[in-house]
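The structure appears below as structure tokens.
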Amino acid sequence: MTAISRSWNRLTLPGKVIFTVVPALVVLTIGLVVAIAILGGPALDLVVANLPIVRFVVAATAILLMTIPTAFLIIYMEMKGIALMNLRIGPDRVGPFGSLLSVVHGLKVLMKEDFTPTGADSVVFTWAPVVVYLASVMTLLVIPFGPGLVGQHFQLGLLYFFAISGLSVVGLLMAGWASFNKYSLLGGLRSAAQVISYEIPLVLSVVGVIMLAGTMDLVVIVENQAGWFTDWYIWQQPLGALIFFIAATAEANRTPFDLTEADSEIVAGFATEYSGMRFGFFFFAEYVNVFIISALTVTLFFGGWNAPFPWPWPITLDLNPGSLGIGLLFVVALVPLALTLILATPFWLVSSRIKGWQALVIGFVLANLFLVGAVAAAGYIGFDWVAGLAWFMLKAYVFVFIFVWMRGTLPRVRIDQLMNFAWKWLMELAFLNIFITAGAIILIKYLNPEALP
Amino acid sequence: MDRRFKARLDARFGEVLRGPIRQRHDETEMRIGPGDVVPVMTALHDDPAFRFEFLADLCGVDTGDVMQAVYHLWSDVTPDWLRIIVDGLSRDDPRVPSLTFLWKGAEWMEREAYDMFGIIFEGNRDLRRIYMPPDYTSFPLRKDFHLPDDAARSPGGGVRHMEQAHLPTDTPAAAIRRTPASRQLPSR
Amino acid sequence: MTTTRRPSADDPRVMLDQELGVFEPVPPYPPRTEREAEFYTLGDGEMFINMGPQHPSTHGVLRVVLKIDGENVVDLDPVLGYLHRGVEKLCENADYHQCISQVDPLEYVSSLFNEWGAVLSFEKLLDVQVPRRAEYIRVLSAELNRVASHALFMGWMALDLGGLTPILWSFIERDEIVEMLASLTGQRMLFNYFRIGGVNGDLNHDFMSRLGNWMSRATEQIEANTGLLNENEIFVRRMRGLGTIDTPTALRMCFTGPNLRATGVPFDIRRAHPYSVYPELDFDIPTRDEGDCLARYLLRVDEVKQSLRIIDQCLHQMPDGPIMAKLPRLLRPRPGRAYSAVEGPRGQYATYVMSDGTDQPYRMRIHDPSFIHLQSVGLLMEGNLIADTMAIMASLDPIMGGVDK
């Protein structure tokens, strides 16, 4: 034993890492192989028998995991976008154009000291960020990202969405109350009042869409908007879309309705006493919320995953790589090499400052980009879900950019002006929208019985 | 330098003045006692011949043997600033009536004068310290309050090298500084 | 119902000897004055909120204790002294020349006015005649400083209301002006430029070229910067009708400067009590009648335009000549008193100097406009919300260096 401990102490740190990780990996792999061999068959039968459950679990996990890079990306967009609007540079150092900064922020938030203030109710204090985060993220389950790409196909998808997102109020109140701090209490109450006030116009403004589509199923709503961009519901529900957008901005606590996190007034509102990963949860929840409301706007009013023009799916490409036989091996080996050389040569020839190996590097990068582009194009043409996902993400991020733009431009609204606006204006306009839509539907049905579903 | 204004002031307030009205450049200065503050200031404020509605400054002064409260007023009937020196406040218990009944904005200026000098403004509803912490016991701008480097030059300093404050002694400024720390104004 | 578990006395996280209580900003001694008693007794449903010296929004280190009833602010009590440096006492132990640099950091955003106030008093005591070129250079640099200070105000006002962009755009303006003044005076912020009897250095080529560049773009820049906010519905709605003060109240609170002119009184020391070469310059005194935050904001924008006019005239009318009067090195004014006031960007900045015949002032009293204006925040806050505290304080434009001296 001492021989082992002596030789262990003589190792350097990399040596220790290798001698721990490699045996662990080997053991893990052997164990996994054995497990699959023994249990594989029955496990597969179990999965096949409960396919819907397994699919749900996989979808939910994928969605949860997807929120993190989304939040990172939106945080970076906001920092860089607002900086450029302020005529500053913004994140610049970490990664190309500072793009890795939000990753670093995420790591920083994990590494900070995570304390509970004395006097705070620790159970409620700990669970508040979880409630807020879950209330935001669980709504992603019903949003259709592409044809066939929806976490769970509910017929009452929209109802589920609003019900779950309303749970965030509970989380805000928990955070404000449990912090044992007057600022947090005030901030939490203000947040809760704001969110509750704007939920009514939010829900009422989509009733028009529900009437037009005839269902609360988000997948059906998106499918109804297929075709040219003139089929999108924005043209048929302009007032509803406007109300929805404004109410959603207030729901997500974004400028101009961000008084809960107004640092010129109440430091950080309900999140004053939070630090470390718990604050990270609030932070992430807010940015994921931005994505979610953009996604919902796109789904309801801008055609969801539909392209602005109709596309005849599926187009099958008559590619049959298997017919090449052994030639496939040569293709796979030689095409990247050939592409690299072909793309490197012009650079090497044109400028004498670019040496041979630098040209090869450039060529390699470009070749990779080309191949990725080719695969993406093939995916886009061949699979409708790739195209749908691409269009959905593009449209959703346009709206995310609009939210970022509003944050950089507009000052904040005061709490009483905000409540006035919700209760005296938006709610009335939402009701008006419902009446107009209902009237229009009845009129059109009377004049042309087959026009609407 | 508005001579007619001086004449009007002399005519109106001649009895209560404690010295001649002096004028220099664009300032007119009169001295009164603490008991005359209320009638004089009310007259200056309300009387349509004077209409001094603008209080420019209020401060305290420690002249070494007495304390003073100094007010500066502005009116558009005269191009001069009017300076009113309330003279003769004792150093042990300086009391002046407060001007907050005319100008609410004098409240903090009086607080500052109290904080720095210890002058009590009677009638100020909020006469507590404004700059120094509330449990501070000295009045910093008085002439017997020494800054640390002043105290280092005290004549009672020790003999050893470490106990001396080694400052240049051959400059003209040092010669003037060798007078005692509580300087007095030449009586004028 | 969950019970809050209070940590026990031997819990190492609790560093207090006494039992953990609720921390109120109420002073731990009985109230000493009527106003303190009135403020620190809570009515029904009221609570104290402390906007402490460390706060992202107060204009420097200022502690404001708010007594709130829900969202409404019932009363407020500013607590000063966090930046008190004892400038007046220090000036009593310093030469007249050293006093100028002591007085610089008071309203650090507009340092040249601080120096000007001090220097005017000293020149009155010494009966010094300042050469005309020096006076013109003083006016030119001071008006540039006024524009820089107002640019800061405009940006800061928007920042306190939540707009992140205008402050950075205003700082581009301010940066250009400050670089200009750095090439003239050697410093970007606490200039230490005015001297008794003149100024320190003459205009140089770098300064003139920067000034020319800036002047050619200044008007459009200001239009662009303020255009983002002046018509913005949210901005206007938050500021209009807020913190309204009428003329008699303003005079009673000893207001000066743009805060007074926004109530309709055209009182400007440059016209009411002229100093330097302002009688020879042609400019208007903008006033507004409403007396609310929006009026104060728009008035300062108008003042920037007037300052640009003054700068233009200074450039055209600049005479030749010396920039410093001939004075002995050791200044010993005869015993006497002098008071002088200048129109700073915040209001009347005045100094009262008493001389006893030595080379150090006997008493140097500095009257600062921000100090006066901060008194009235409590008056203006009647019935407003917490969010308005920031807006009102920002519209009065206090600089804590001046408030705390």
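Observations, loosely collected:
- With 24 Å as the limit, the listed pairs C:K326/C:K405; A:K112/C:K67; A:K395/A:K445; B:K6/C:K124; C:K67/C:K405; A:K424/A:K445 have C:K326/C:K405; A:K112/C:K67; A:K395/A:K445; C:K67/C:K405; A:K424/A:K445 beyond it between alpha carbons.
- Rounded FRET efficiency, nearest 0.05, which uses the C-beta distance separating A:T126 from C:Q98 and R0 of 41 Å: 0.10
- The 3J(HN,Hα) values that the Karplus relation (6.51, -1.76, 1.60; θ = phi - 60°) gives for segment B:131-143 are, in residue order, 9, 7, x, x, 9, 6, 10, 9, 10, x, 8, 5, 6 Hz. Gly and Pro appear as x.
- The per residue volume of the convex hull around the alpha-carbon atoms of segment C:34-79 is 69 Å³.
- Under 5 Å from the amide H of C:G198 lie the amide H atoms of C:A325, each residue being 5 or more positions distant or on a separate chain, with H modelled from the backbone and absent for Pro and chain starts.
- Computed from the C-beta positions of A:D92 and B:V16 and an R0 of 60 Å, the FRET efficiency is 0.25 to the nearest 0.05.
- Its residue count N fixes a reference of 2.2 N^0.38 Å for segment B:3-122, and the Cα radius of gyration divided by that reference is 1.00.
- Calculated [θ] (222 nm, deg cm²/dmol) that DSSP helices of n ≥ 4 give over the protein assembly as shown, each run adding -39,500 (n - 2.57): -17000 deg cm²/dmol
- Compared with the rule-of-thumb size 2.2 N^0.38 Å for a compact globular protein, segment C:16-143 has a Cα radius of gyration ratio of 1.59.
- Peptide C:67-75 shows a mean partner chain C-beta count of 1 within 10 Å per residue C-beta.
- For segment A:321-382, the calculated P(r), taken from all Cα-Cα distances in 5 Å bins from zero up to the bin holding the longest distance, is 4, 18, 19, 18, 18, 11, 7, 4, 1 percent.
- Inter-chain Cβ neighbour count for B:53-66, averaged per residue, equals 5 (cutoff 10 Å, partner chain atoms only).
- Positive-end residue, the protein assembly as shown charge dipole about Cα centroid, Cβ charges, pick of A:V298, A:I68, B:L99: A:I68
- Under the convention that each Lys and Arg Cβ holds +1 and each Asp and Glu Cβ holds -1, the size of the dipole of chain C around its Cα centre is about 1180 debye.
- Relative contact order of chain C: 23 percent, from C-alpha pairs under 8 Å at least 6 residues apart in sequence.
- Within the protein assembly as shown: Cβ-based charge dipole about Cα centre, in debye rounded to nearest 20 (Lys, Arg +1; Asp, Glu -1): 2360 debye
- Rounded to whole Å, the principal axis extents of the Cα atoms in segment C:240-325 read 49, 23, 18, largest first.
- Note on C:R309 and A:L13: their simple-model spin labels are 6.9 nm apart, each label 7 Å out from Cα toward Cβ.
- Percent of Cα pairs in segment C:93-196 per distance bin of 10 Å, from zero to the largest separation: 15, 41, 28, 12, 3.
- Cα-based Kirkwood hydrodynamic radius, segment C:182-228, one decimal, Å: 12.5 Å
- Projected label points at C:T219 and A:V375, each 7 Å from Cα along the beta carbon direction, are separated by 6.1 nanometres.
- The A:W235 and A:R353 beta-carbon pair, evaluated with R₀ = 45 Å, returns a calculated FRET efficiency of approximately 0.25.
- Charged side chains reduced to their Cβ positions (Lys and Arg at +1, Asp and Glu at -1) give chain A a dipole of some 1380 debye around its Cα centre.
- C-alpha long axis of helix C:132-161 to longest principal axis of chain C, angle in °: 20 degrees
- Divided by 2.2 N^0.38 Å, where N counts the residues, the Cα radius of gyration of chain A comes to 1.20.
- Highest-first arrangement of C:364-374, A:96-106, A:26-36, where packing means the average Cβ count within 10 Å: C:364-374, A:96-106, A:26-36
- Cα centroid separation - segment A:192-254 against segment C:198-248, whole Å: 42 Å
- Placing one equal scatterer on every Cα of the protein assembly as shown and applying the Debye formula, the log10 ratio I(q)/I(0) at q = 0.04, 0.05, 0.08 Å⁻¹ is -0.30, -0.46, -0.98.
- If you wrap the Cα atoms of chain C in a convex hull and average its projected area over all directions, you get 24.3 nm².
- Listed residues A:V372, C:V74, C:N230: farthest to the positive end of the dipole of the protein assembly as shown (Cβ charges): A:V372
- Point-to-point label distance, C:A325-B:V66, nm (Cα→Cβ direction, 7 Å offset): 3.2 nm
- Low-density loop cleavage sites - chymotrypsin sites (Phe, Trp or Tyr not before Pro) in segment A:119-210, where at most 10 other Cβ are within 10 Å (DSSP): none
- Normalised Debye scattering of segment C:272-316 at q = 0.25, 0.31 Å⁻¹ gives log10 I(q)/I(0) of -0.90, -1.08, counting only Cα atoms as equal scatterers and leaving out solvent.
Each value in this text was obtained by applying a stated rule to the coordinates, not by laboratory testing. If you're wondering where the values come from, they're calculated on a predicted model, not measured in any experiment. Every residue, glycine among them, receives a Cβ derived from its backbone with ideal geometry; neighbour counts consider all protein chains shown.
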